[in-house]
Amino acid sequence: AYTRDDDRDRTYNDPRVWVMQKRLNPSLEQNPDAGRSFPVFLTPERKGTIEDAKALMRDHFAGTEHDPYGHGLRGDEPWRPICVFRTYEAHVMQVRPWLPKEIGQVIYVALGMADLSVFIPFYAGLTQVPASWSKGTDQCDTESAYWKFRRLQTLAMTDYPKLAPIVHEAFAAFEAETSAAQQRMEEEYLALKATSEAAARSHLDAFNLKVIAEAEALAEKLLCRLFTIRTADIEALVPAKNRKNKD
C-alpha cells in the first residue's frame, strides 16, 4: 500500500516483507535484496495464530546485524524494521464467526511501539472505554493511556539491551494470563447469554475494563521499576563521592 517501487524500497520496505514471509514460511529461501521477485501471495506453512500476528508486529530483526535497538540505538541502520519506535499503535483483528459477535470479534491494540507494549483485547461487545483512551495530545501527560505506554517505551530505549527484557517478560506474562482469562470469560458469557443478554453484556464490560485497567497499571509499575534501575545506573556513573573519607 505504501511502497514507492524504486531503489529506496530495497532497504526501506523490502526487508520488512522478506522477514514477514520468512516468519510465516520458514523454508522459503529468498535474497532480502531481491524484493521485486518476492511472491505477492503465499500460503503459510502452518496455520497462523494471534501470537504469530503479534510477533510480526514486534519484529525488528532481533538477533541479526540489522537490529537497530539491540546493539545500541542505531539510527543509521539502513533496514527499516516492521516495529519502529515512532509507531503510534499496532493492532491485530480477530474474527470468529461461530461465536456471537460481541465476543467473536476482538481487536488487540498495543499503544506505541509494539515490541515494548502489550496487546490489550477490545471486544466488539464492550460498551464503553476508559477516559484515558479518549484523551492525549503530542505533549506528554500522566493521564492518557498512550503516554503511559510511550513514557515506558522511551525510558526502556535509553538502555534497550538491559531494560527491554524486563518489559518483555512482564508483558508476555500479562498476555498469557489474559488469554487464559479470556477463555474463561467467553465460556461464562455464553452461559449467561442463554438466560440474560444484559447479564452477559455486564459481565463482558466488567472483564474487559478490568483487563485494560490492569494493563495500564502494569505499564506504570514497570515505568517506576525502570526509573529505579536507571537512577542507580546514573549514580554509579557520576557518584561524586569523597574518595578519601567515607560519606
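The values are calculated or read from the model by the stated rules, or taken from the named source; none is laboratory data. From a predicted model like this one, the values you see are computed outputs, not experimental measurements. Glycine gets a Cβ as well: all are built from the backbone with ideal geometry, and neighbour counts include every protein chain shown. These accessible areas exclude ligands, DNA and RNA; they are computed on the full protein's heavy atoms, side chains included. Shrake-Rupley method; radii C 1.70, N 1.55, O 1.52, S 1.80 Å.
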**Asked** Restricted to the range 1-35, and to residues that are among the small types (Gly, Ala, Ser) and more than 27 Å from Arg96 (Cα to Cα), which residue is most open to solvent (accessible area, probe 1.4 Å)?
**Response** Ser27
**Prompt:** With (1) surrounded by fewer than 16 Cβ atoms within 10 Å (Cβ to Cβ); (2) in contact with a strand residue (DSSP E or B) (Cβ under 6 Å, 6 or more places away or on another chain) as the list, and Ala215 as the residue in question, which single condition is left unmet?
**Reply:** (1)
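Only one of Gly112, Gly104 is open to solvent by less than 40 Å² (accessible area, probe 1.4 Å), over 30 Å from Thr231 (Cβ atoms) and modelled with pLDDT of 95 or more; which?
On the way: Gly112 fails: over 30 Å from Thr231 (Cβ atoms).
Going through Gly112, Gly104 in turn, just one is open to solvent by less than 40 Å² (accessible area, probe 1.4 Å), over 30 Å from Thr231 (Cβ atoms) and modelled with pLDDT of 95 or more: Gly104.
Within the range 147-164, identify whether any single residue is hydrophobic (A, V, I, L, M, F, W, C), within 30 Å of Ile234 (Cβ to Cβ) and touching a strand residue (DSSP E or B) at 6+ places or on another chain (Cβ under 6 Å), and answer yes or no.
Residues of the range 147-164 hydrophobic (A, V, I, L, M, F, W, C): 147, 149, 152, 155-157, 163-164.
Right, trim to within 30 Å of Ile234 (Cβ to Cβ) and you get 147, 149, 152, 155-157, 163-164.
Imposing the further condition that a residue be touching a strand residue (DSSP E or B) at 6+ places or on another chain (Cβ under 6 Å) reduces the set to 149.
Yes, some residue in the range 147-164 is hydrophobic (A, V, I, L, M, F, W, C), within 30 Å of Ile234 (Cβ to Cβ) and touching a strand residue (DSSP E or B) at 6+ places or on another chain (Cβ under 6 Å).
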**Prompt:** Scanning for something under 18 Å from the mean Cα position of the chain (by Cα) and surrounded by 14 or more Cβ atoms within 10 Å (Cβ to Cβ), does the range 36-49 turn up at least one residue?
**Reply:** no
**Of the criteria (1) surrounded by fewer than 20 Cβ atoms within 10 Å (Cβ to Cβ); (2) in contact (Cβ under 8 Å) with a residue 24 or more places away in the chain, which one Tyr189 fails** = (1)
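Taking the range 53-106, which residues are acidic (Asp, Glu) and farther than 30 Å from Glu197 by Cβ?
Initial filter on the range 53-106 (acidic (Asp, Glu)): 59, 65, 67, 76-77, 89, 102.
Correct list: Asp59, Glu65, Asp67, Asp76, Glu77, Glu89.
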**Item:** Filter result for Ala172 (open to solvent by less than 70 Å² (accessible area, probe 1.4 Å) and not acidic (Asp, Glu))
**Value:** yes
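Suppose we keep only residues that are among the hydroxyl-bearing types (Ser, Thr, Tyr) and closer than 21 Å to Val211 by Cβ within the range 143-163. Which one would you say is most open to solvent (accessible area, probe 1.4 Å)?
At the first step, the residues of the range 143-163 found to be among the hydroxyl-bearing types (Ser, Thr, Tyr) are 144, 146, 154, 158, 160.
Subsequent filtering for residues that are closer than 21 Å to Val211 by Cβ retains 144, 146.
Working: Ser144: 0, Tyr146: 47 Å².
The selected residue is Tyr146.
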**Prompt:** Among the residues of the range 68-94 satisfying the criterion of being free of Cβ contacts under 8 Å to residues at least 24 places away in the same chain and surrounded by 17 or more Cβ atoms within 10 Å (Cβ to Cβ), which is nearest to Leu24 (Cα to Cα)?
**Reply:** Pro68
**Of all residues making up the range 95-114, the number that are of a type outside the set (Asp, Glu), out of contact with any Pro (no Cβ under 7 Å at 6 or more places or on another chain) and either free of Cβ contacts under 8 Å to residues at least 40 places away in the same chain or outside any loop (DSSP other than H, G, I, E, B) (or both)** = 12
**Request:** Any residue in the range 117-141 that's within 24 Å of Glu51 (Cα to Cα): show its pairings with residues that are surrounded by fewer than 17 Cβ atoms within 10 Å (Cβ to Cβ) at Cβ separation under 7 Å, as long as the two are six or more apart or on different chains.
**Result:** Phe122/Ile107; Ala124/Lys101; Leu126/Asp205
**Asked** For the range 202-209, does any single residue satisfy the condition of being under 21 Å from Arg96 (Cα atoms), in contact (Cβ under 8 Å) with a residue 60 or more places away in the chain and more than 26 Å from the chain's Cα centre (by Cα)?
**Response** no
